[in-house]
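Student: First, the structure itself, so that you have it in front of you.
The values are calculated or read from the model by the stated rules, or taken from the named source; none is laboratory data. All figures in this text were calculated on a predicted structure; none of them were measured in a lab. Here the Cβ is made from the backbone with ideal geometry for all residues, glycine too, and neighbour counts use every protein chain on show.
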């Protein structure tokens, strides 16, 4: 027989002003199962909690209803108080008579009547609740980090530094990500490679880190603490264990004019190549789509020249399965594509800027390569069409960003800063050159950031025009190809035309191709643009709603390097918190199956968004198959209850929100 | 093949050479044009400068007439008329209240059933192969700069025709007929025809910019599908030459003139002889 | 009578089928406008004036009539604001309230004459139009030079059979055109009156 | 005007099934911002709209609801990735079933209200109360069950 105590809170004036608390407490007394009904000014306060604990102990209550604020506010508080007094914490219910009653209904009569009903719902539910125990699951203390850019590198190093094993998976032949291709970094102008390459080497040499480049995550199974991940190691055609990275192969390759994706096609590479000289590991791959040997079986110069015998034309993709306890996603970003060809039907590109039509209209990452000392021009800003040093460059911000009509609605956050940097680096190299910037707003929040932009304008003389550009055309003027840039300066209200030698488009940051496919494998949510969703924008910024999967870097939203690194360390810290336990404890509000009723129809198996339900055999004592049944994996189930809704025999139920409990709630409203 | 035909005021007035060219061309191709019975003016810029409702009602009347006559596809060779008709049609299709209001105003039921097509779309519908099978002369002596102007592609969300920044549908047709279209910069730039009477100074500047660019890129003729563009660039050229002291001598032809020449029609049959700047055939 | 800016903004938005607050003043419309160089207030500024409720000030700008309706602004607007439509709405408001910039009163006279011409004939009668316009323009500013300025173009047009003394096939049902005009005018009037109630 | 009296006397009873992560928090936010709305609504908190079996809705009518409201996260925002899609998909099938049963589908309202949309919650509830007031008390369920008995 249930012995329920109901504790109605005044919340100072917050509830009491619009709800007659005394009358409520009185009305509740006579409800079935209610053993005592009290009210107090602040239930959540120390004396308020003591009141509950005392009543439980003195009256031997079996359950507690607190009528006060939202359960999102204080359910945990009251559960803890109940547990302290020896009542199962899941025998605590709350009636939300503040946010959903006293604060939204001015009429005291109505509010009081509603408060009584809300408490009645809670009491009825509680009468049907049963005690639950937290679930324990084992944990594999090894982490998988997906993405070897600066964020992934940081996360891997931090986890490894704490003594745990890490597998770092990178889809390109080298780690380093976008940062490895940048020239210098704002706001300090230190060289990107100089600060990153030591970290790249460290991940490769760390005894606790297993680096898997040229690899991609194929499949993820399991659940928090117990993931089983299948990784595809793409055929490299080079045995990395034999190879010494001497360079004889790529220096001798006759196929030298293949556009290098690492240089965004501004430079060339060979068919057997490392993407850039500082690549880690310094082991080449063969591009089988371009290699002569793969076309006609001839050539094979690299194979002949390789003293280590590391070339293996018969190499194949390999699938490797690894057990890990936590996953960190750090898949980063790419630039919005400006041209006509778009994969997303909502994005139409900027035909008016002539990207792809005019060679000297380039994007900002291409410009980074042009001014990078390790780039295809050795750091000289030669324009792609004819190699001239541009005397006038126009930088256009917000290309694709903040553009609902053709691009994405968000601000890409870093473009204001790197454009200021671009103008400076250009002016440092071409002293008499002109750098024009078309911008809408300058967003330079951050330590030393606005000072940096002002420096570009005040000291380096970048010419900032507040306005967008409408059209770019190419024309030959006095024998030189010029880009006619037609923009506006909204501060003067006048159109501005600049005859430029080169145009650099600061394109929107978008998630990497394939990020959403990966998110689906990991059951992580993502927004309309494909940025992965954190669990809570403020309080759980690196967690996801898929337990044991964490995020960092630009896969979650536009970010600069310091933010990505900070977030990576945060994600690592979260992994380490997990790994500090020997067993994981989870909320028991998950689904369970009454196997005697289950007809194994699979409806729940198909509906479950977490693949937490499987069909399994029920055997008798002698090992004979009795029947099939569905069974919930308590590690995977997140407790959404979709399975309950689809189950035709109602043999699956959700603890904490059982059919019985929910029906009791509704019936209380009769 | 048969199309409804909405000539609009220009083709029955100062640009009757365009009508002559279109009709000659389609006669030769065996395409029948049935002129809309008792059509009225689309209202042009004046209507949407003075009364927005009128700017929908005038085209709506024509749409209603077309619908009543059972016309499925209505050719409006003038892009201004075409755009106004399409805009009205979309407003009518999108909103039942507009449909009802317009039916009441124009005294005929109108639902927007009739599709509006421009000149290029008719050539596309006929098919390049069908046109080529009737070609007698190659256009290989022509290096046309195809000029789309403002309203053939704009507003793109309404018209859904070609690429509004880099259109290429006229080039595709002319290339098939042997001409060598040039790549140039001002395919969709405004020529200022709308101000030809009230602000001739600006018109001359814009016309100069367009014609000079076409010339610079090696064009020997500008091809357009708009009566206003044609007339403006053709008629104002003398003023341009005077103001900029620059010999341009750039004939301005309609797309149908070019197709007609390939089909073996004479300049007289097409009305090309009535242009200001002579086309050397 | 001072009018509520809110109501004026609503009127523009209804006529133009657009939301002016979507505009974030990026200037792309001014950048692409073939006329921005000569305008007293470019398209960006016009939209701003509407946003701040200074609709009548916007409607009185010369630029409203300098616009050639080429739609480049609307086409490239990153926020899909129908800028050309706003300009049309401002024109209509300026005509209705008789606040057109003095310099462009001739243009308004021309547009009105154009519509009168259609109302009468169903289609434009070009010669009648040009002649009538020249006459109103003359009475507007008494300048015989302006009145004759385009006569120079008219004569070669006649010789090329481009200008007709007689219009082409006439519209049979001219009465219906008149009724359409009257209904549209009446609808606009009742809409504005309803607004003011 | 003759119905004024009965209309005033009629206070619709509205039962809402909302998800814990979006709409419940949206309702909380309406409270935090003190956005008033009629007191006719009773919220049943569930983890996700995916949990809603349509028997629950029928049950709600059985206990005398005049309208039922179902609200969860926006598409793509579901705390559980896809629960709201499941709810939506089932609703399409269920609506036909309701039509067959003779339950007035205009008494069931679907919406997406996020944790940030307190004002939307207020508006949604207010509108539905008004609408239901106009529709009058729901006697359909009783007539269906009586028909069964006969």
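Student: Within the stretch A:352-385, how many residues are surrounded by fewer than 16 Cβ atoms within 10 Å (Cβ to Cβ) and in contact with a strand residue (DSSP E or B) (Cβ under 7 Å, 6 or more places away or on another chain)?
Tutor: Of the residues in that region, 1 qualify.
Student: For the structure I just gave you, tell me whether residue A:619 is within 11 Å of chain D (Cβ to nearest Cβ) and surrounded by fewer than 20 Cβ atoms within 10 Å (Cβ to Cβ).
Tutor: Working: within 11 Å of chain D (Cβ to nearest Cβ): no; surrounded by fewer than 20 Cβ atoms within 10 Å (Cβ to Cβ): yes.
No, not satisfied.
Student: Which residues, taken from the stretch A:660-669, are in a helix (DSSP H, G or I) and more than 8 Å from every other protein chain (Cβ to nearest Cβ)?
Tutor: First, the residues of the stretch A:660-669 that are in a helix (DSSP H, G or I): A:660-667.
Across the stretch A:660-669, the qualifying residues are A:660, A:661, A:664.
Student: Just for the stretch A:15-50: of the residues that are part of a helix (DSSP H, G or I) and under 46 Å from the mean Cα position of the chain (by Cα), which one is surrounded by the fewest Cβ atoms within 10 Å (Cβ to Cβ)?
Tutor: So the residue we want is A:46.
Student: Another question, if that's okay. Taking strands (runs of 3 or more DSSP E) that do not extend beyond the stretch A:330-438, which have at least 1 residues that are away from chain B (no Cβ under 14 Å), under 30 Å from residue A:167 (Cα atoms) and touching a helix residue (DSSP H, G or I) at 6+ places or on another chain (Cβ under 6 Å)?
Tutor: Working: elements: A:333-335, A:361-363, A:392-399.
By residue number, A:333-335.
Student: Output yes when any residue across the stretch C:8-28 is surrounded by 24 or more Cβ atoms within 10 Å (Cβ to Cβ), touching a strand residue (DSSP E or B) at 6+ places or on another chain (Cβ under 7 Å) and at the interface with another protein chain (Cβ under 7 Å from one of its Cβ atoms), and no when none is.
Tutor: Yes: the stretch C:8-28 contains one or more residues that are surrounded by 24 or more Cβ atoms within 10 Å (Cβ to Cβ), touching a strand residue (DSSP E or B) at 6+ places or on another chain (Cβ under 7 Å) and at the interface with another protein chain (Cβ under 7 Å from one of its Cβ atoms).
Student: I've got another one for you. From the list B:183, B:176, which one is more than 18 Å from residue B:76 (Cβ to Cβ), within 14 Å of chain A (Cβ to nearest Cβ) and over 15 Å from the mean Cα position of the chain (by Cα)?
Tutor: Working: B:176 fails: within 14 Å of chain A (Cβ to nearest Cβ).
Every option except B:183 fails the conditions.
Student: Hey, another quick one. For the stretch A:397-417: of the residues being more than 19 Å from residue A:185 (Cα to Cα) and touching a strand residue (DSSP E or B) at 6+ places or on another chain (Cβ under 6 Å), which is surrounded by the most Cβ atoms within 10 Å (Cβ to Cβ)? Break it down stepwise before answering.
Tutor: As a first pass, look at the stretch A:397-417 and keep what is more than 19 Å from residue A:185 (Cα to Cα): A:398-411.
When the remaining residues are screened for being touching a strand residue (DSSP E or B) at 6+ places or on another chain (Cβ under 6 Å), the result is A:399-400.
Working: A:399: 29, A:400: 25.
That would be A:399.
Student: I'd like the full set of residues that are crowded, with 19+ Cβ neighbours inside 10 Å, within 11 Å of chain C (Cβ to nearest Cβ) and without any contact (Cβ under 8 Å) to a residue 40 or more places away in the chain, limited to the stretch B:82-100.
Tutor: Residue satisfying the conditions is B:91 alone.
Student: Further question: Give A:151, A:83, A:155 a once-over and let me know the one that is away from every other protein chain (no Cβ under 14 Å), out of contact with any strand residue (DSSP E or B) (no Cβ under 7 Å at 6 or more places or on another chain), in a helix (DSSP H, G or I) and farther than 30 Å from residue A:7 by Cα.
Tutor: On the way: A:83 fails: farther than 30 Å from residue A:7 by Cα; A:155 fails: out of contact with any strand residue (DSSP E or B) (no Cβ under 7 Å at 6 or more places or on another chain).
Result of the check over A:151, A:83, A:155: A:151.
Student: Take the residues in the stretch A:114-138 that are part of a loop (DSSP other than H, G, I, E, B) and touching a helix residue (DSSP H, G or I) at 6+ places or on another chain (Cβ under 7 Å); name whichever of them is nearest to residue A:586 (Cα to Cα). Talk me through it step by step, then tell me what you get.
Tutor: Here is the first cut: in the stretch A:114-138, the ones part of a loop (DSSP other than H, G, I, E, B) are A:129-134.
Next cut, touching a helix residue (DSSP H, G or I) at 6+ places or on another chain (Cβ under 7 Å) only: A:129, A:131-132.
Details: A:129: 19, A:131: 15, A:132: 11 Å.
For the stretch A:114-138, the residue satisfying everything is A:132.
Student: On to the next question. Taking the condition of being facing chain C (nearest Cβ under 7 Å), within 30 Å of residue B:124 (Cα to Cα) and not in a helix (DSSP H, G or I), how many residues in the stretch B:44-73 meet it?
Tutor: Summing the residues that are facing chain C (nearest Cβ under 7 Å), within 30 Å of residue B:124 (Cα to Cα) and not in a helix (DSSP H, G or I) in the stretch B:44-73 gives 0.
Student: How about the stretch D:38-62: which of its residues are within 19 Å of residue D:25 (Cα to Cα) and more than 7 Å from chain A (Cβ to nearest Cβ)? Can you show your working first?
Tutor: Quick first cut of the stretch D:38-62, residues within 19 Å of residue D:25 (Cα to Cα) only: D:38-52.
If the condition is that a residue be within 19 Å of residue D:25 (Cα to Cα) and more than 7 Å from chain A (Cβ to nearest Cβ), then D:38, D:40, D:41, D:45, D:49 are the ones that fit.
Student: To continue, here is another question. Can you name the condition, by its number, that residue A:597 falls short on among (1) surrounded by fewer than 20 Cβ atoms within 10 Å (Cβ to Cβ); (2) within 30 Å of residue A:658 (Cβ to Cβ); (3) within 14 Å of chain D (Cβ to nearest Cβ)?
Tutor: In the conditions (1) surrounded by fewer than 20 Cβ atoms within 10 Å (Cβ to Cβ); (2) within 30 Å of residue A:658 (Cβ to Cβ); (3) within 14 Å of chain D (Cβ to nearest Cβ), residue A:597 misses (3) alone.
Student: Output yes when any residue across the stretch A:472-488 is under 34 Å from the mean Cα position of the chain (by Cα), buried (at least 19 other Cβ atoms within 10 Å of the Cβ) and part of a strand (DSSP E or B), and no when none is.
Tutor: First, pick out the residues of the stretch A:472-488 that are under 34 Å from the mean Cα position of the chain (by Cα): none.
The answer is no, given that none of the residues of the stretch A:472-488 is under 34 Å from the mean Cα position of the chain (by Cα), buried (at least 19 other Cβ atoms within 10 Å of the Cβ) and part of a strand (DSSP E or B).
Student: Which condition from (1) within 7 Å of another protein chain (Cβ to nearest Cβ); (2) part of a helix (DSSP H, G or I) is the one that residue C:34 breaks?
Tutor: Every listed condition holds for residue C:34 apart from (2).
Student: Do we find a residue being closer than 27 Å to residue C:62 by Cα and within 13 Å of chain A (Cβ to nearest Cβ) anywhere in the stretch B:195-215? Don't jump to the end; show me each part of the working.
Tutor: Quick first cut of the stretch B:195-215, residues closer than 27 Å to residue C:62 by Cα only: B:195-210.
Pick out the ones that are also within 13 Å of chain A (Cβ to nearest Cβ) and you get B:209-210.
The answer is yes, given that some residue of the stretch B:195-215 is closer than 27 Å to residue C:62 by Cα and within 13 Å of chain A (Cβ to nearest Cβ).
Student: Out of the helices (runs of 4 or more DSSP H) lying entirely within the stretch D:1-100, which hold 2 or more residues that are under 24 Å from residue A:546 (Cβ atoms) and either at pLDDT below 90 or touching a strand residue (DSSP E or B) at 6+ places or on another chain (Cβ under 6 Å) (or both)? So that I can check it myself, show each step before the final result.
Tutor: Working: elements: D:4-9, D:23-32, D:54-62.
Correct list: D:23-32.
For (1) at pLDDT 60 or above; (2) within 10 Å of chain B (Cβ to nearest Cβ), each residue gets a yes or a no:
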| site | (1), (2) |
| --- | --- |
| C:152 | no, yes |
| C:172 | yes, yes |
| C:178 | yes, no |
| C:192 | yes, no |
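Student: Continuing with this model, one more query. In this structure, is residue A:450 more than 34 Å from the chain's Cα centre (by Cα) and either away from chain C (no Cβ under 14 Å) or in contact (Cβ under 8 Å) with a residue 40 or more places away in the chain (or both)? Spell out how you get there, then give the answer.
Tutor: On the way: more than 34 Å from the chain's Cα centre (by Cα): no; either away from chain C (no Cβ under 14 Å) or in contact (Cβ under 8 Å) with a residue 40 or more places away in the chain (or both): yes.
When the stated conditions are applied, residue A:450 does not pass them.
Student: Does at least one position in the stretch D:121-129 carry a residue that is at pLDDT 90 or above and touching a helix residue (DSSP H, G or I) at 6+ places or on another chain (Cβ under 8 Å)?
Tutor: Checked the stretch D:121-129: at least one residue is at pLDDT 90 or above and touching a helix residue (DSSP H, G or I) at 6+ places or on another chain (Cβ under 8 Å).
Student: Testing residue B:223 on (1) surrounded by 19 or more Cβ atoms within 10 Å (Cβ to Cβ); (2) assigned to a helix (DSSP H, G or I), one condition comes back false. Which one is that?
Tutor: (2)
Student: Additional query: Counting only residues that are more than 12 Å from chain D (Cβ to nearest Cβ), under 13 Å from residue A:329 (Cα atoms) and either out of contact with any strand residue (DSSP E or B) (no Cβ under 9 Å at 6 or more places or on another chain) or outside any helix (DSSP H, G or I) (or both), how many does the stretch A:512-529 have?
Tutor: Number of matching residues: 3.
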